[in-house]
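Please treat every number below as a calculation from the coordinates, not as lab data. Model, not experiment: these values are computed from the prediction. Note that we place each Cβ from the backbone using ideal geometry, even for glycine, and neighbour counts take in every protein chain shown.
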Amino acid sequence: MSYIDTLLRGADVEWKTLGDEVEIANIGVDKKINVNEAEVRLLNFVDVFKNQYISNATPTMVVTASERKITDCNIKEGDVFITPSSELIDEIGFSAMAIEDFNNAVYSYHIMRLRVNNKNVLFPAFLNYLFSSTNVRKQIRLKAQGITRFGLTQPNWKSLQIPIPTIEIQQKIVDILDTFTELTAELTAELTARKKQYTYYREQLLGYDENEVEWKTLGEVCIKSYSGSTPKAGNPRYYENGTIPWLRTQEVKFIDIYSTEIKITETALAETGAKWIPENCVIIAISGATAGRSGINKIPLTTNQHCCCLEINPKQALYKYVFYWVSLNYEKLKNSGQGARGDINSGIIKSLQIPVPPIEEQERIVAILDKFDTLTTSISEGLPKEIELRQKQYEYYREQLLTFPKA
């Protein structure tokens with residue numbers, strides 16, 4: 001029998017309504033600055049939404065508040081804050097717990113404060129975790145109201161049913177879940193550090209001076225450039241049972257592309273402007289919010305008309321070297337956009353100047369950047385994969401530890 005089974009076997013659990021166990025307050029403070037009020041830091045929606053625990057260092061926004069508001073909207077150790085409403089129903093009820101008393105800080109009227117009545121009965125950190133449990137999240141979804149913005153009335157928040165085992169079991173559950181949370185946080189911090197390191201080396205390796213190496217246009221290092229087409233939406237002859245990968249710009253995300261969300265048919269290929277693009281092209285999105293983003297297709301595919309696909313001449317440059325350089329210059333490409341949508345075109349892209357060192361030097365640069373890329377972006381290996389596995393492990397044990405039978 002596992003430790004968790006032993007911990008929870010025969011556990012004495014009471015189900016109670018949230019309103020009986022906590023004091024709920026949602027008066028909050030707005031973001032205004034008034035000259036006749038004192039400056040305070042404001043704990044806001046994002047601070048709660050993005051954190052499991054919050055400290056005195058969390059709130060950074062500065063606003064003003066009256067002395068009455070500062071007193072009524074204070075933040076004490078053990079206070080649990082939740083997101084009471086959102087435009088997205090699944091963003092309601094995210095929680096974060098204060099690990100200490102906050103100095104000169106108040107909470108926003110966009111969040112709700114839960115202050116436990118008796119910490120010998122309900123451990124605040126346990127309550128904090130309960131808001132991520134399947135049972136409580138189902139209740140929130142069922143009680144949510146709204147059309148363009150969703151939320152629960154205060155009576156509905158108070159009516160939530162929560163399981164309360166003994167305080168000793170609550171504390172042990174929190175200890176276990178905290179361990180998983182800390183492991184994930186450590187890995188995420190490591191990933192952030194590695195990404196900064198990757199960015200630094202990429203800039204150093206690709207930051208050539210004008211006279212240091214030969215410079216050419218992207219057009220000069222290409223064999224050919226391609227675009228595509230969008231077969232008429234809703235035409236089943238073009239999409240039904242399609243097998244040909246068809247790429248849209250939202251799938252161009254600075255990564256290798258092995259599949260597409262949508263497939264088209266041979267009929268679409270024959271009757272529209274869609275065309276096959278050979279593998280290992282550098283693909284650059286040229287339209288709207290995605291303009292300037294790049295990727296590499298690791299399979300032959302077709303694209304919509306908002307992709308510019310560069311087939312690189314291997315005698316001139318390595319396609320991966322070109323991809324890394326284009327990625328580095330994302331902001332430059334994006335800012336070259338024209339019109340209200342910020343679109344760029346193949347002419348702008350192919351006229352861009354790129355440093356072209358000898359192939360051997362390109363190979364060295366690519367080998368170094370590939371290692372960082374694998375470590376920081378690969379979902380099959382590297383830190384992202386490790387974080388994903390830890391998160392799944394945490395979610396599994398969280399459900400095991402926070403699921404209690406009702407009498």
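Estimated from helical segments only, the mean residue ellipticity of the chain at 222 nm is -11000 deg cm²/dmol, where each DSSP H run of four or more residues counts as -39500 (n - 2.57). Sorting 87-94, 74-81 by their mean Cβ neighbour count within 10 Å, with the most densely packed peptide first, gives 74-81, 87-94. Only Cα pairs under 8 Å and 6+ residues apart enter the sum, and on that basis the relative contact order of segment 210-356 stands at 32 percent. With 25 Å as the limit on Cα-Cα distance, the pairs of 195/315; 263/334; 69/158 that go past it are 195/315; 263/334.
For a straight C-alpha distance cut-off of 15 angstrom, the aspartates and glutamates reachable from residue 385 (same-chain residues fewer than eight places away being disregarded) are 186, 190, 373. One chain, two ends: residue 68 and residue 208. Fully extended at 0.36 nm per residue, the span grows by 44.4 nm beyond their Cα-Cα distance.
If the chain linking residue 215 and residue 168 were pulled fully straight, counting 0.36 nm for each residue of separation and taking away their Cα-Cα distance, it would gain 10.1 nm. Principal axis analysis of the Cα atoms in segment 210-356 yields extents of 55, 36, 23 Å, listed in decreasing size. Cα centroid distance between segment 163-221 and segment 228-275, in Å? With segment 163-221 and segment 228-275 each reduced to a Cα centre, they are spaced 33 Å. Over all other residues within a Cβ to Cβ distance under 10 Å of residue 97, the charged ones net out to -2, with Lys and Arg as +1 and Asp and Glu as -1.
Long hydrophobic helices in the chain: the complete DSSP H runs spanning 20 Å or more by Cα along their own axis with mean Kyte-Doolittle hydropathy of at least -1.0 are 167-206, 359-377. Rounded to the nearest 20, the size of the Cβ-charge dipole of the chain about its Cα centre is 1100 debye, with Lys and Arg at +1 and Asp and Glu at -1. The mean sequence distance of close C-alpha pairs (under 8 Å, at least 6 residues apart), as a share of the length of the chain, puts its relative contact order at 15 percent.
Think of it this way: in the chain, 73, 222, 307, 308 stand alone, with no other Cys Cβ under 4.7 Å. Only bridges with both residues in segment 15-163 count here: give the DSSP antiparallel percent, nearest 5. Percentage antiparallel, nearest 5: 80. Evaluated on segment 158-200, the Kirkwood hydrodynamic radius is 13.2 Å, with distances taken between all distinct Cα atoms. Taken about its Cα centre, segment 15-163 carries a charge dipole of roughly 440 debye when the Cβ of each Lys and Arg holds +1 and the Cβ of each Asp and Glu holds -1.
Give the dimensionless ratio obtained when the Cα radius of gyration of the chain is divided by 2.2 N^0.38 Å. After normalising by residue count via 2.2 N^0.38 Å, the value is 1.26. Each Lys or Arg adds one and each Asp or Glu subtracts one; over the other residues with Cβ under 15 Å from the Cβ of residue 214, this totals -4. Direction-averaged projected area, Cα convex hull, segment 21-161: 8.2 nm², rounded to one decimal.
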